[in-house]
Amino acid sequence: NEGVDPRRGILIGNMWGTRWLDMLRDALRGTGYSVDWYCNNPNSTELERAQIESGGVRAMGTVSDASLPGVLNSYRFAVVPSDPLDGKSLPAVRAIAELSLPSRIPTMLAEAHLPVLVLGSPKTAAARFVERFNLGAVVPYDAVTVKSALDRILTPENEMHIRKRAASLADSFSAKGAADWIWRSLEGGHPSDLRFEELMPPEGELS
């Protein structure tokens, strides 16, 4: 898109503690890439704004749901920090990273078809989702690896392939018709169709 900074990505949502933010800043430093962080809770970090932005993360405040599609489409890629699952984070934080898919990932997929870079362990829910659908890359918190991954997924050919895949999946992550599906399934005592099983079959069965 015209006017989009090709080396600045978007990060949406809260981070579970300052450790992820510290690691993200270190992983971006010196790469030539940076992110704008739209945080739902501006007081969720103990770091001052100047400290945050010293590592390539620019604090942007909140964004409304109505404005989100336009904001997403003004970026070329998204970054999703997660936990490295190295045993150094609090148990609750590790559990959230391993078991809970950040809701903004399907939103970014459906609304803007953005390539996604997940930082952390490949065993987190965010990483498994991105790798399952081949929507970007999963890397550790390491500046050399982060730069290499972004250079790779943002080549014109790779970016086009990722965006086409995301566009083809967008309707599957829409809430349109979901209520009718639930009521039909409850009435029949079984799924009224297999849309969710077909979308996310057991690992190893994805076509």
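Table for the structure above
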| read-out | value |
| --- | --- |
| Furthest towards positive pole of dipole, Gly177, His190, Val144, structure part segment 144-199, Cβ charges | Val144 |
| By average C-beta atoms within 10 angstrom, highest first, the peptides 99-105, 126-132 | 126-132, 99-105 |
| Placed amide H near Asp36: partners under 5 Å, 5+ positions off or other chain | Gly9, Ile10, Leu11, Arg58 |
| Cross-link reach list, lysines versus Lys123, counting only Cα pairs under 18 Å and skipping chain neighbours closer than eight places | Lys88 |
| Segment Ser174-Asp142, length gained on full extension (0.36 nm per residue, minus Cα span) | 8.1 nm |
| Projected label distance in nm at Arg8 and Arg165, using a 7 Å step from Cα toward the beta-carbon | 2.8 |
| For segment 144-153, Karplus couplings with θ = phi - 60° (6.51, -1.76, 1.60), whole Hz, Gly/Pro x | 4, 5, 4, 4, 4, 5, 5, 4, 6, 6 |
| Value at 222 nm in deg cm²/dmol, rounded to 500, when DSSP H runs of n ≥ 4 in the chain each add -39,500 (n - 2.57) | -12000 deg cm²/dmol |
| Listed peptides 165-176, 28-39 by packing density, highest first (mean Cβ within 10 Å) | 28-39, 165-176 |
| Hits among lysines - C-alpha to C-alpha of Lys176 under 19 Å, sequence gap 8 or more where chains match | none |
| Distant-in-sequence amide H partners of Ser192 (H built 1.01 Å from N, under 5 Å) | Ser185 |
| For segment 193-199, Karplus couplings with θ = phi - 60° (6.51, -1.76, 1.60), whole Hz, Gly/Pro x | 7, 9, 4, 7, 5, 6, 6 |
| Whether segment 157-204 is rounded, prolate or oblate, judged on the alpha carbon gyration tensor where a/c under 1.5 counts as rounded | oblate |
| Acute angle (nearest 10 degrees) that the helix 156-169 long axis makes with the longest principal axis of the chain, alpha-carbon atoms | 40 |
| Backbone HN-Hα couplings from phi across segment 18-32 [Karplus 6.51/-1.76/1.60, Hz, Gly and Pro as x] | 6, 4, 4, 5, 4, 5, 4, 4, 5, 6, 8, 4, x, 7, x |
| Relative contact order (percent, whole number), the chain, Cα cutoff 8 Å, 6+ residue spacing | 19 |
| Rounded percent of accessible protein surface that carbon and sulfur make up, the chain, 1.4 Å probe | 53 |
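The values are calculated or read from the model by the stated rules, or taken from the named source; none is laboratory data. Values in this document were obtained by computation on a predicted structure and should not be read as measured data. Reconstructed Cβ throughout: ideal geometry from the backbone, glycine too, with neighbour counts over all protein chains shown. Just the protein is used for accessible areas: all its heavy atoms, side chains included, with ligands, DNA and RNA removed. Shrake-Rupley method; radii C 1.70, N 1.55, O 1.52, S 1.80 Å.
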